[in-house]
1. Could you put Leu54, Leu20, Leu114 in order, starting from the residue whose Cβ has the fewest other Cβ atoms within 10 Å?
2. Fewest Cβ neighbours within 10 Å first, please rank Val52, Val28, Val45 accordingly.
3. Find how much the distance from Asn49 to Glu25 grows on full extension, using 0.36 nm per residue of separation minus their present alpha carbon separation; answer in nm with one decimal.
4. Could you give the Stokes-Einstein D for the range 37-129 in µm² per second, using the C-alpha Kirkwood radius, 4 °C, 1.567 mPa s?
5. Could you tell me which residue out of Trp123, Ala42, Val52 lies farthest along the dipole of the range 37-129 toward its positive end? Charges go on the beta carbon: Lys and Arg +1, Asp and Glu -1, centred on the Cα centre.
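Nothing in this text is a laboratory measurement; each read-out follows from the coordinates by a stated rule. Model, not experiment: these values are computed from the prediction. Positions of Cβ are backbone-derived with ideal geometry, glycine not excepted, and every protein chain shown enters the neighbour counts.
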Amino acid sequence: MPILYEDTFKKTQGSKQFALTKDTEMSVTVTLAAGKGVITLAEAVDATNTLVKLTKAYPGQKIKAHVRITNNGDDDYVWYTVKDKDTGVIIDQPYGTSVYQKSGTFMDRLGADLTMPNKNWNWLIEAGHGTP
């Protein structure tokens, strides 16, 4: 026997109608878009001739970090930082982190010349996505 509108809600209509009954449903998921910053190159270069890759430098010598980042995700802000691995301090960059809104690959060198200390200098280069 069908369920009638007037039986269910105790209201009368001009004509008899059936009560609302859900027969099916569907859900939709929208995935969060995100970039994925991937380091493809990280090296030290001579500050006066950035084509010269360095593996050794003298104390007081001016050097730069040379970094290549690829965004392997969606169009998003991707970033990188260069840190002193021993102390955790971010090495001189404007605002501490270089940020790019791109897809694809980009290359960068730290803007400031870095001065080689009187010890081995261990760098940690990190890349990611989002606005720092």
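1. Starting with the residue having the fewest Cβ neighbours, the order is Leu20, Leu54, Leu114.
2. Lowest count first: Val28, Val52, Val45.
3. That pair, Asn49 and Glu25, stretches by 2.2 nm at full extension.
4. 95
5. Final value for the positive-end residue is Val52.
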